[in-house]
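A.B. asks: Before we start, here is the structure in question, set down as structure tokens.
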Amino acid sequence: NSSDMNSVANYINNNRVTPNVQYQGVAKGKNVFIIHLESFQQFLLDFKWDNQEVTPNLNKIYHAQNTLSFDNFFNQVGQGKTADAELMLENSLFGLPEGAAMVTDGTTNTFQAAPAILSQKGYTTASMHGDVPSFWNRDNTYKSWGYDYFFSSHYFKEKKDYNIGYGMKDKIFLRDAANYVQRLPQPFYAKLITVTNHYPYLLDKKNQSISKTNTGDSTVDGYVQTAKYLDQSIGEFMDWLKATGLDKNSMVVFYGDHYGISANHKKAVAKLLGKKDFNDFDNAQFQRVPFMINMDGLKGGINHNYGGEIDVLPTLLNLLGVDNSQTVQFGSDLLAPKHSQLVAFRNGDFVEPNFTKVNGTYYHTKTGAVARNLTSEQKQQVAAMSNQVATELSLSDRVIKGDLLRFYKNKNFQKVDRKNYTYNKTKA
Ligand code: GP9
Ligand code: MN
């Protein structure tokens, strides 16, 4: 009920941090691209195989002077995978302990999502994806999030050979999506969801331009091939952006949604990384995914702050100069001087600069050693962090399960009326 909402709002307001004034509004009025890099992990950046960089285009973006990159940014998804990532990125709410909130609650709940926030600031908003609209209940949830458009596979030409795995091949998808992007009134907020780099990493012969790895684990060895293909599609997309001049007035945000190689493949990962061993601690550190913000004139560099997907919305809103002092958000601005570096995993574990908790065991983040003989002060610290993680997760769950945002009054935000949206298109 509404008093539940008040206690959540109190918690959030107590933890709200003041934004970084240096970056405040530097992207005001710019177009925004959110580029979803399917199953793409941080370790792929600068990774070499077969005598070549696997992802030269993304590496270039990662190291560019006008890219703000993060090397301690973690995926925080649960069972909802892609859906959890989308939910966190655009709402700063956690995925649910089980299932996917986009499916169970996306149609009926009230949200204050990025597309709605920005469309109330004059943006045109669109999500594009080369899979059927019903996957993860996107066609319903996007209405609750205030997306003006959803260009799903129904909007793209189909040809023999255009599809693989879960949908369109990334190069074809991004090329065709560009036609829709170009017709959006500016400023726009456009999310492009790739999918070729998805388990089980299938790719047709003519698109393979690097050999498979040699771990002998067939679910792992194709990963570099589809990652390279995704990287090439990004290279082509960036060329297009430049050719149109859109690179001059756009902020391009890249993120990896979740791991590509699960904890079931520890042996193969150890071999891939040239390590003797790969334990639970290593696997927690392996949850890093890219988060990069590229924009003409942006003061970039690699930022080492710990953070995760939950932190994206406040970070972007501050860059865009959108007041988010009233937003219900569980993350904190990655660039804020007092950004909270405690990164919650969906199961209650966490990682932060000093301690990592995996399956209830504490490790020293710097060395990976099990944290034995903690001082009483350290014991208090880790207990407090565990509590904070549990509190955040359970409050976020209450927001979703109780549909609490329907009670929340935010003077900067007008509630979304789902009836105003339709994404129907009959197949051409
Ligand atoms: C399909 C896609 C895959 O539309 O986005 O989702 P995932 O399996 O990665 O959660
Ligand atoms: Mn995914």
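A.B. asks: With respect to Ser152, is the statement that it is surrounded by 19 or more Cβ atoms within 10 Å (Cβ to Cβ), among the polar types (S, T, N, Q) and more than 30 Å from Gly222 (Cα to Cα) true? So that I can check it myself, show each step before the final result.
C.D. replies: On the way: surrounded by 19 or more Cβ atoms within 10 Å (Cβ to Cβ): yes; among the polar types (S, T, N, Q): yes; more than 30 Å from Gly222 (Cα to Cα): no.
The answer is no for Ser152.
A.B. asks: Right, something else. Just wondering, is there one or more residues in segment 174-190 that are out of contact with any strand residue (DSSP E or B) (no Cβ under 8 Å at 6 or more places or on another chain) and within 15 Å of ligand 2 (Cβ to nearest atom)?
C.D. replies: no
A.B. asks: Is it true that Ala178 is away from ligand 1 (no atom under 16 Å from the Cβ), open to solvent by 10 Å² or more (accessible area, probe 1.4 Å), out of contact with any Gly (no Cβ under 6 Å at 6 or more places or on another chain) and part of a helix (DSSP H, G or I)?
C.D. replies: On the way: away from ligand 1 (no atom under 16 Å from the Cβ): yes; open to solvent by 10 Å² or more (accessible area, probe 1.4 Å): no; out of contact with any Gly (no Cβ under 6 Å at 6 or more places or on another chain): yes; part of a helix (DSSP H, G or I): yes.
Considered against the rule, which asks whether it is away from ligand 1 (no atom under 16 Å from the Cβ), open to solvent by 10 Å² or more (accessible area, probe 1.4 Å), out of contact with any Gly (no Cβ under 6 Å at 6 or more places or on another chain) and part of a helix (DSSP H, G or I), Ala178 comes out as no.
A.B. asks: Filter segment 233-262 down to residues that are assigned to a helix (DSSP H, G or I) and within 20 Å of the chain's Cα centre (by Cα) and give me whichever is nearest to Thr196 (Cα to Cα).
C.D. replies: Taking segment 233-262 as the starting set, the residues that turn out to be assigned to a helix (DSSP H, G or I) are 233-244, 246-249.
When the remaining residues are screened for being within 20 Å of the chain's Cα centre (by Cα), the result is 233-235, 237-238.
Details: Ser233: 10, Ile234: 12, Gly235: 15, Phe237: 15, Met238: 18 Å.
The residue in question is Ser233.
A.B. asks: From the residues in segment 59-86 that are of a type in the set (Gly, Ala, Ser) and closer than 14 Å to Phe291 by Cα, which one is farthest from the chain's Cα centre (by Cα)? Give the derivation first.
C.D. replies: From segment 59-86, those of a type in the set (Gly, Ala, Ser) are 64, 69, 78, 80, 83, 85; that's our starting set.
Adding the requirement that they be closer than 14 Å to Phe291 by Cα leaves 64, 69, 85.
Details: Ala64: 20, Ser69: 13, Ala85: 5 Å.
Among residues in segment 59-86 that are of a type in the set (Gly, Ala, Ser) and closer than 14 Å to Phe291 by Cα, the one farthest from the chain's Cα centre (by Cα) is Ala64.
A.B. asks: Same structure again: Across segment 186-216, what is the number of residues that are open to solvent by less than 20 Å² (accessible area, probe 1.4 Å), away from ligand 1 (no atom under 16 Å from the Cβ) and under 23 Å from the mean Cα position of the chain (by Cα)?
C.D. replies: Count: 3.
A.B. asks: Could you check Lys81 against (1) away from ligand 1 (no atom under 16 Å from the Cβ); (2) open to solvent by 10 Å² or more (accessible area, probe 1.4 Å) and say which number it fails?
C.D. replies: It fails just one condition, (1).
A.B. asks: Only one of (1) open to solvent by 20 Å² or more (accessible area, probe 1.4 Å); (2) closer than 16 Å to Met128 by Cβ; (3) assigned to a loop (DSSP other than H, G, I, E, B) is not met by Thr219, so which one is it?
C.D. replies: It fails just one condition, (2).
A.B. asks: Let me ask something else. Do you know which residues across segment 154-173 are in a helix (DSSP H, G or I) and away from ligand 2 (no atom under 16 Å from the Cβ)? Reasoning before the result, please.
C.D. replies: From segment 154-173, those in a helix (DSSP H, G or I) are 154-155, 170-173; that's our starting set.
Matches in segment 154-173: His154, Tyr155, Lys171, Ile172.
A.B. asks: Applying the selection to segment 15-43, what residues are aliphatic (A, V, I, L, M), surrounded by fewer than 16 Cβ atoms within 10 Å (Cβ to Cβ) and out of contact with any Asp or Glu (no Cβ under 9 Å at 6 or more places or on another chain)?
C.D. replies: Just the residues of segment 15-43 that are aliphatic (A, V, I, L, M), to begin with: 17, 21, 26-27, 32, 34-35, 37.
From the residues that got through so far, the ones that are surrounded by fewer than 16 Cβ atoms within 10 Å (Cβ to Cβ) too are 17, 21.
Val21 - this is the single residue of segment 15-43 that is aliphatic (A, V, I, L, M), surrounded by fewer than 16 Cβ atoms within 10 Å (Cβ to Cβ) and out of contact with any Asp or Glu (no Cβ under 9 Å at 6 or more places or on another chain).
A.B. asks: Keeping to segment 135-149, report how many residues are closer than 15 Å to Thr125 by Cβ and either surrounded by fewer than 18 Cβ atoms within 10 Å (Cβ to Cβ) or within 16 Å of ligand 2 (Cβ to nearest atom) (or both).
C.D. replies: Matching residues across segment 135-149 total 2.
A.B. asks: Quick one: what pairs do we get from segment 278-305, first residue in contact (Cβ under 8 Å) with a residue 60 or more places away in the chain, second charged (D, E, K, R) and assigned to a helix (DSSP H, G or I), C-beta under 6 Å, 6+ apart or different chains?
C.D. replies: Asp296/Lys248
A.B. asks: Does any residue of segment 258-274 turn out to be basic (Lys, Arg), out of contact with any Ser or Thr (no Cβ under 6 Å at 6 or more places or on another chain) and over 23 Å from Phe94 (Cα atoms)?
C.D. replies: Within segment 258-274, one or more residues are basic (Lys, Arg), out of contact with any Ser or Thr (no Cβ under 6 Å at 6 or more places or on another chain) and over 23 Å from Phe94 (Cα atoms).
A.B. asks: Where the second residue is open to solvent by 30 Å² or more (accessible area, probe 1.4 Å) and aromatic (Phe, Trp, Tyr) and the first is in a loop (DSSP other than H, G, I, E, B) and lies in segment 186-211, which pairs have Cβ atoms under 7 Å and are six or more apart or on separate chains?
C.D. replies: Cβ pairs passing all conditions: Val195/Tyr166; His198/Tyr166; Ile210/Trp49.
A.B. asks: What number of residues within segment 87-107 satisfy the criterion of being under 12 Å from the mean Cα position of the chain (by Cα) and part of a helix (DSSP H, G or I)?
C.D. replies: The total comes to 5.
A.B. asks: From the set of residues in segment 217-228 that are within 26 Å of the chain's Cα centre (by Cα) and more than 16 Å from ligand 1 (Cβ to nearest atom), which is nearest to Asp170 (Cα to Cα)?
C.D. replies: Start the filter on segment 217-228 by keeping residues that are within 26 Å of the chain's Cα centre (by Cα), which leaves 219-228.
Going one step further and asking which of them are more than 16 Å from ligand 1 (Cβ to nearest atom), we end up with 220-221, 224-225, 228.
Values: Val220: 20, Asp221: 20, Val224: 15, Gln225: 13, Lys228: 11 Å.
Here the answer is Lys228.
A.B. asks: List the number of the failed condition for Thr367; all other conditions in (1) open to solvent by less than 80 Å² (accessible area, probe 1.4 Å); (2) within 21 Å of Ala284 (Cα to Cα) hold.
C.D. replies: Looking at each condition in turn, Thr367 falls short on (1).
A.B. asks: Anything in segment 266-283 that is open to solvent by less than 40 Å² (accessible area, probe 1.4 Å) and either under 22 Å from Ile172 (Cβ atoms) or not β-branched (Val, Ile, Thr) (or both)? List them, or say none.
C.D. replies: So in segment 266-283, the residues open to solvent by less than 40 Å² (accessible area, probe 1.4 Å) come out as 268-270, 272, 278, 281-283.
Listed by number, the residues that qualify are Ala268, Ala270, Leu272, Phe278, Phe281, Asp282, Asn283.
A.B. asks: Does segment 108-120 contain any residue that is away from ligand 2 (no atom under 16 Å from the Cβ), open to solvent by less than 10 Å² (accessible area, probe 1.4 Å), touching a His at 6+ places or on another chain (Cβ under 9 Å) and outside any loop (DSSP other than H, G, I, E, B)?
C.D. replies: Checked against the condition, which is being away from ligand 2 (no atom under 16 Å from the Cβ), open to solvent by less than 10 Å² (accessible area, probe 1.4 Å), touching a His at 6+ places or on another chain (Cβ under 9 Å) and outside any loop (DSSP other than H, G, I, E, B), segment 108-120 yields no hits at all.
A.B. asks: For the condition of a type in the set (Lys, Arg) and more than 26 Å from Ala270 (Cβ to Cβ), what is the one hit in Lys212, Lys228, Lys160? Please lay out each step first, then the result.
C.D. replies: Numbers: Lys212 fails: more than 26 Å from Ala270 (Cβ to Cβ); Lys228 fails: more than 26 Å from Ala270 (Cβ to Cβ).
It is Lys160.
The values are calculated or read from the model by the stated rules, or taken from the named source; none is laboratory data. Small disclaimer: the values here were computed from a predicted structure and weren't measured. Cβ atoms come from the backbone with ideal geometry, glycine included; neighbour counts cover every protein chain shown. With ligands, DNA and RNA removed, areas are computed over all heavy atoms of the protein, side chains included. Shrake-Rupley method; radii C 1.70, N 1.55, O 1.52, S 1.80 Å.
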